[in-house]
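Below: one structure, written as structure tokens.
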There are 2 protein chains.
Amino acid sequence: MQNVEIGVGQVKVNDGFWNRRIQNAVENVVPYQWRVLNDREPGAEPSHAMQNYRIAAGLAEGEFQGFQFQDSDLAKWIEAASYSLIYDDSPEIRAALREAIDVIGKAQQPDGYLDTHYIIKKPDRKWKEIAHGHELYCAGHLLEAAVAYRAVTGDDSLLRIMEKNVDLIRSVFGKGEGQIDSYPGHEEIELALMKAFRATGDRKYYELAEYFIENRGSRPAFLEEERFLELSGQNRWLEADYHQAHAKLRDQKTAEGHAVRAMYFYTGAADVALEKNDPTLKAALDTLWKNVTGRRMYVTGGVGSQGDGERFTIDYDLPNDTCYTETCAAIGLAMWALRMLRLDPDVRYADVMERALYNNVLSGISEDGEHYFYVNPLMLKPDVAKYRRDHESVEPERVKWFGCACCPPNVIRTLCGLGSYVYTQRGGDVWQHLYIGNEAVLHTPAGDASLSTVSSMPWKGRAQIVYHGPSGVTLHLRVPSYAKDFAIMRNGEPVSLELEQGYARVCPADGDCLEVSFGMDAQFVQANPRVTEDCGKACVCRGPLVYCAEEADNGTLLGDFTADLAEPPRVEERELFGGITGVTVSGTRSDMAGWDEDTLYRTAPAARVPASLRLIPYFLWNNRGLGEMLVWMNAR
Amino acid sequence: MQNVEIGVGQVKVNDGFWNRRIQNAVENVVPYQWRVLNDREPGAEPSHAMQNYRIAAGLAEGEFQGFQFQDSDLAKWIEAASYSLIYDDSPEIRAALREAIDVIGKAQQPDGYLDTHYIIKKPDRKWKEIAHGHELYCAGHLLEAAVAYRAVTGDDSLLRIMEKNVDLIRSVFGKGEGQIDSYPGHEEIELALMKAFRATGDRKYYELAEYFIENRGSRPAFLEEERFLELSGQNRWLEADYHQAHAKLRDQKTAEGHAVRAMYFYTGAADVALEKNDPTLKAALDTLWKNVTGRRMYVTGGVGSQGDGERFTIDYDLPNDTCYTETCAAIGLAMWALRMLRLDPDVRYADVMERALYNNVLSGISEDGEHYFYVNPLMLKPDVAKYRRDHESVEPERVKWFGCACCPPNVIRTLCGLGSYVYTQRGGDVWQHLYIGNEAVLHTPAGDASLSTVSSMPWKGRAQIVYHGPSGVTLHLRVPSYAKDFAIMRNGEPVSLELEQGYARVCPADGDCLEVSFGMDAQFVQANPRVTEDCGKACVCRGPLVYCAEEADNGTLLGDFTADLAEPPRVEERELFGGITGVTVSGTRSDMAGWDEDTLYRTAPAARVPASLRLIPYFLWNNRGLGEMLVWMNAR
């Protein structure tokens, strides 16, 4: 049964929770980021990304500025802006896209080469800095952008540019005579090539992706003359495992190194495994999946426990205050989960995908849409975060834009492309993974079908799905792991549930209305006792949302509160942020009358008094100014 | 009432707990360190300290090797070796001391200059690198050594060398025409000058110390041409506050910067305050004392919360795993406490002095006497300590000797000079701060008196003190803060207690036998709720000792244990390490049957089972191989 790629234009999100965020992204952030990319936004650090292309195209004078991967910021914006047209077919954004693509085309060299950093600054170093040069990374993002732009607009101008670029890369890299036999320093192009393959059917994209995935870990690591292993040995955080180049994928048993790189690698590998129909590759990915989600993932769906190297560390090492948990890494985890669902529609992948999207991804952007977190810690003490060296990668508040601006455009392309996370399809079988309101048109062997979902998630476990289309389509509706009393009504009649890997199967007829409902208790969650940082603690989750306590609701010294696990968390509707479901937990606090400010230690037990903490969804933290925040509370 | 300096030779420790440690230091470590200092010890990193002096003296060829403060290692050894003669008047050590002093004398330049780093390596940079050069630091340690050597042997050969050196320093530094108006980059010489002043009565030593103490914080910081403030601004951990040069002492309200520097500074300042009889200086020191002991000190007497800068951070910031808590800083805290006791015999100073000595100082050295901790964390997970960047200053096990060998000789001089911490004296009033067995001869206005103490500390609160001497002497016996039912019997008759600042006053007659007794419960101790890292936790203390759990007794996952505060810790005698008082606490552990290795999160409450932890005194940790260690346990 053939996997079917659901094009991003086929699913338009229309949802009470997400609309406001998507609308903000579409109407404000996409234009805002365009201004930033053109250095026209006051108060934001100049990006120089468009200017680099103009210089490379001979349309402007000047030096390359920014990181060596600055091109990718524009690429991610093109992808996001293309998706934004689904929601608002803005002539200004269409014009901006054409302007960007026009400049990119003019910057492209006759042989197809396209990286402005090397065109402007280091023309004699092209394809000579494989480990850190990011040429293939930027090409990957541009290729994703090209596929997105064509899918939404039908215009293949950027895809033609990128095909020429890929043809150059195919000639440069490979196992043939005179070719560079290597793999990208930062994975990304693999998954982009697989998108291009699915969009065009041209196997040259697949073949290059398959080569990069399967070749990774071979020696030499990158170019012999880069002396990579020798030089990287001087910084243990940047050795071969940082690049997932310490072994072949099939020999990797643990997720290592730079978390974003790892997620993009596994995503591309899962794409290849699906096309290759290779169970050993799938098994290798499942080993890594188990390691990531079973030993190295925060409850928020964050990955990457350490700022130095922005990387994975060791099993069960999940510090809550000094973690990296980069927004882009959580996006990568969601991307990987989506590919695993295409390989194997099992609810455990969907549970993680949803966890990442509703928590560590969404926390990356402020409610006003213009402030961003790179790093998403699970606790914050502002004075400690500002002072301590081991907190130096933690920003205590979201900032407008980053010198290294990978996260902001990545969040925006994820929001604008959210529709692609809702479904996967194989022939006439359609899996609905997320109960996000949307209008979808699906092409099935029996004919086109439309699905219309209205949802109350994440606040209530209720969704109504209306089907129009031929018979012969099977819907697989996800039963989330947290769902209580999951039920489906079909045109008002209960459906007897038949579950397969956590999905309930329904074969709808034209016009059927399916009502999905399930309870979502606010629940205390505990971590494996092997996670030292969470021992003696609990957090609260409700449905897909992780909750946190903030100083704005509770004052300071959040760490002193001890939750009473015997008292179930109480749900409360709050007006905050346009209406949220809050949670209150009961417990105790120290009686501070027993503690003067200049006494550190006393004999136990110190008196405690009843207290409660008001919690809000984690993704909303730091929208009310600087203050303490805590996910894992002491608990008894 | 005049403070009386009790010479180190006047108090000989003879104590069931300390003898073995002192004997090991005297018989093994002092000779061992002499071999290390002469690069003759296999397996230890070569020190090169003696060789540097030989080269400077023209007795050998070669380059300077080691840190710029390498000279101080030899100086600390001379001090320790001098004290060791009190316990074992070894001809070999006497000969080694004479050899060292002979070479030092030959290395001294005609004008009195003596720093081998500058003599050999940077002769044109003498007195030009005040901030980091350590010339005054090394001179300070040599001056301390000279005073110690003369006190024990009567030989003033090193003191004459150092007087000439001090005369040079007096000519170089000061407020006069052509002088450098500054202060040391690393405080130390101030307290050494005060020792020399008390040993010789020559006010030139006092005057220089007073100048350095009072001048500190003036501008420019160090030499104008060092551009110190400008350059140090590039590393926030090495700015003026690192050197306690951010303000004048009287304007410093919090302990800042490098913890050893701070402790040595305050120690010298307290010495000066005593001689100057300046209550404003005492008040400034009390402000700092309150800040250190009330907001910035670990329960072990450790200070310095961060490895970067080896420094103080902010109030209540006391991470247990990434702390620095350098052995030398705890020694410095004990030194400072002793000076505060001379200024103001209040038990709160003695409680801290004892806490530092029995915990963070003693943990610096292994039971075999030849392995040392620089850093003394309050918890260790070996895999995390080995892996994580923020643990890179933590050694998971004691090592033989350090490239930067400040701690080992510092511990040894403290052990061999322990007698100097037992008493302070003002005229005919003698305060006994520590119940350490010893034989002391004190010179009082009424005539010489001898005190002989036999003690069961730290295992039992019992000490017998026999007095021989004139009447007119008043003994002030410390009532430790942890003592229960403190009582004194005089020749078998109860003494009615008259307490003054935590000391019981007794006026003994010749031949009196005073029996001191008090209970010491093993008690749970909690930290101020402002200390986030200790919230929801407790540790166990008994008398002066802090206890810890080790993997050797309890297996792994110590962090998962939760102590039951309602169950008093149970004391048990154990054969370990020649006999110790251990402690067992009751509580619960997770039922690991409910947790497979690949599941990170589950809804609460996870099942727990009754469990207990066996604890040993903290200072003994890591004497049974690599393993987990924990001071602060989860508690309820």
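Values quoted throughout were computed directly from the atomic coordinates according to the rules given, and no laboratory measurement underlies them. Predicted model only: the values in this text are computed from it and were never measured. Note that we place each Cβ from the backbone using ideal geometry, even for glycine, and neighbour counts take in every protein chain shown.
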With the charge dipole of the protein assembly as shown built from beta-carbon charges (+1 for Lys and Arg, -1 for Asp and Glu) about the Cα centre, the Cα from B:GLY7, A:PRO544, A:LEU143 projecting farthest to the positive end belongs to A:PRO544
Exam field: A:LEU223 pseudo-label spacings to other copies (7 Å along Cα-Cβ), nanometres: 4.6
Global form of segment B:14-421, assessed from the alpha-carbon gyration tensor, a/c cut-off 1.5: rounded
What shape does segment A:162-299 take by its C-alpha gyration tensor, where a ≥ b ≥ c are the square roots of the eigenvalues and a/c under 1.5 counts as rounded, a/b above b/c as prolate, and the rest as oblate? oblate
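Select from segment B:1-55 those trypsin sites (Lys or Arg not before Pro) which occupy a DSSP coil region and have at most 15 other Cβ atoms within 10 Å, ordered by residue number.
On the way: sites: B:LYS12, B:ARG20, B:ARG21, B:ARG35, B:ARG40, B:ARG54; in loops: B:ARG40.
Filter output for segment B:1-55: B:ARG40.
Taking beta carbons within 10 Å but only from partner chains, what does the mean come to for residues A:389-395?
Numbers: counts 11, 9, 1, 2, 0, 0, 0.
Neighbouring Cβ atoms belonging to other protein chains average 3 per residue here.
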Round to a whole angstrom and tell me the spacing of the C-alpha centers of segment B:452-523 and segment A:421-453. 86
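Convex hull volume of the Cα atoms in segment B:22-127, per residue, in Å³?
It comes to 104 Å³ per residue, whole-number rounded.
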So if I place +1 on the C-beta of Lys and Arg and -1 on the C-beta of Asp and Glu, and nothing else carries charge, what would the dipole magnitude of chain A be about its Cα centre? I want it in debye, nearest 20. 680
Only Lys, Arg, Asp and Glu count, each charged at its Cβ (+1, +1, -1, -1), so figure out the dipole size of the protein assembly as shown about its Cα centre, rounded to 20 debye. 700
Which lysines does B:LYS537 reach when only Cα atoms under 18 Å apart count, and residues fewer than 8 places away in its own chain are ignored? A:LYS537, B:LYS381
Expressed in angstrom and rounded, the centroid-to-centroid distance over alpha carbons for segment B:13-83 and segment A:120-172 is 63
Label segment B:425-564 by shape, choosing from rounded, prolate and oblate, from the square roots a ≥ b ≥ c of the eigenvalues of the Cα gyration tensor; if a/c is under 1.5 it is rounded, and otherwise prolate applies when a/b is larger than b/c, oblate when it is not. prolate
Out-of-range pairs (alpha-carbon distance over 23 Å; input A:LYS248/B:LYS386; B:LYS106/B:LYS164; A:LYS12/A:LYS195; B:LYS175/B:LYS276; B:LYS12/B:LYS204; B:LYS76/B:LYS400): A:LYS248/B:LYS386; B:LYS12/B:LYS204
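Based on Cα coordinates alone, diagonalise the gyration tensor for segment A:85-230, multiply each eigenvalue by 5, take square roots, and list the semi-axes in whole Å, largest first. Write out the running numbers ahead of the final one.
Working: eigenvalues 163, 60, 31 Å².
So the three semi-axes of segment A:85-230 are 29, 17, 12 Å.
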Checking segment A:549-579 for GluC sites (Glu not before Pro) in a loop per DSSP with at most 16 other beta-carbon atoms within 10 Å yields A:GLU575
Sorted from largest down, give the three principal axis spans of the alpha carbons of the protein assembly as shown, whole angstrom values. 113, 66, 50
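When the expected Rg is taken as 2.2 N^0.38 Å, what fraction or multiple of it is the alpha-carbon Rg of segment A:285-355?
On the way: Rg = 11.8 Å, N = 71, 2.2 N^0.38 = 11.1 Å.
Its radius of gyration relative to the 2.2 N^0.38 Å reference: 1.06.
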How high is the relative contact order of segment A:14-421, in percent, with contacts defined as C-alpha pairs under 8 Å that are six or more residues apart? 15
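Stokes-Einstein at 37 °C, 0.692 mPa s, Kirkwood radius from Cα pairs: D for segment B:522-635 in µm² s⁻¹?
Working: Rh = 14.9 Å.
Taking Rh from Cα pairs, D becomes 220 µm²/s.
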Most exposed first, judged by fewest Cβ atoms within 10 angstrom, A:TYR324, B:TYR421, B:TYR206, A:TYR387 run A:TYR387, B:TYR206, B:TYR421, A:TYR324
Specify the inter-centroid distance of segment B:615-631 and segment A:350-377, based on alpha-carbon positions, in whole Å. 41
Sorting from shortest, the nanometre distances separating the label point of A:GLY58 (7 Å past Cα along the line to Cβ) from those of the same residue in the other copies are 7.5
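Per DSSP H run of at least 4 residues, take -39500 (n - 2.57); add these up for chain B, divide by its residues and hand me the 222 nm value, nearest 500 deg cm²/dmol. Walk me through the numbers on the way to the answer.
On the way: 17 runs with 203 residues, N = 636.
That calculation yields -10000 deg cm²/dmol at 222 nm.
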Using a label point 7 angstrom from Cα along Cα-to-C-beta, what distances in nm, from shortest up, separate A:ARG602 from the other copies? 3.8
